[in-house]
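The values are calculated or read from the model by the stated rules, or taken from the named source; none is laboratory data. Given the structure is predicted, the values throughout are model-derived calculations rather than measurements. Here the Cβ positions follow ideal geometry from the backbone for every residue, glycine too, while neighbour counts run over all protein chains shown.
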Amino acid sequence: MFINFYTLSSYFPILVFLCLALIISTALLGIPFILNNRTKEKAKLEPYECGSDPIGKGRNIFDARFYLVAMLFIIFDLEIVFIFPWAVSLGSTSYIGFWLAMIFLFILGLGFIYEWKKGALEWE
């Protein structure tokens with residue numbers, strides 16, 4: 001089989017980039033291990049360095065509204081992922097594409113209004 005060296009030479013910048021990325025990432029991960037101070041002090045081995053003993057459990061239970069707000073953020077963050085390509089290609093889309101995007105935004109707006117009316121966005 002014949003190898004076209006012109007085609008392989010076009011991949012040379014990618015090879016250089018990958019080698020540089022490997023060298024830099026290895027250096028950035030390796031330098032802290034070389035330069036760190038390995039002496040263990042008594043204060044460093046304690047659970048807290050603030051000077052006070054821990055009180056209570058180490059795990060706290062979060063309110064469910066925290067998760068609702070996080071889900072809303074994820075939903076509207078994903079909405080932006082779909083809106084950017086649509087906005088870029090708006091000039092070349094037909095009226096059907098425009099109205100489909102409006103229906104998409106309307107449904108997301110209904111979800112937001114539902115969460116708002118349920119009180120998921122209010123903290124007491």
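Hey, can you tell me all the residues within the range 72-124 that are outside any helix (DSSP H, G or I) and of a type in the set (Val, Ile, Thr)?
93
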Qualifying positions in the range 26-67 - within 26 Å of residue 111 (Cα to Cα), at pLDDT below 75 and either surrounded by 10 or more Cβ atoms within 10 Å (Cβ to Cβ) or touching a Lys or Arg at 6+ places or on another chain (Cβ under 6 Å) (or both): 63, 65
The listed residue being more than 23 Å from residue 122 (Cα to Cα) and either in contact with a His (Cβ under 7 Å, 6 or more places away or on another chain) or not aromatic (Phe, Trp, Tyr) (or both), out of 83, 75, 107: 83
Scanning the range 80-99 residue by residue, those without any contact (Cβ under 8 Å) to a residue 12 or more places away in the chain and under 28 Å from the mean Cα position of the chain (by Cα) turn out to be 80, 81, 84, 85, 87, 88, 89, 90
Residues satisfying the stated conditions in the range 112-124, i.e. under 27 Å from the mean Cα position of the chain (by Cα) and modelled with pLDDT of 80 or more: 112, 113, 114, 116
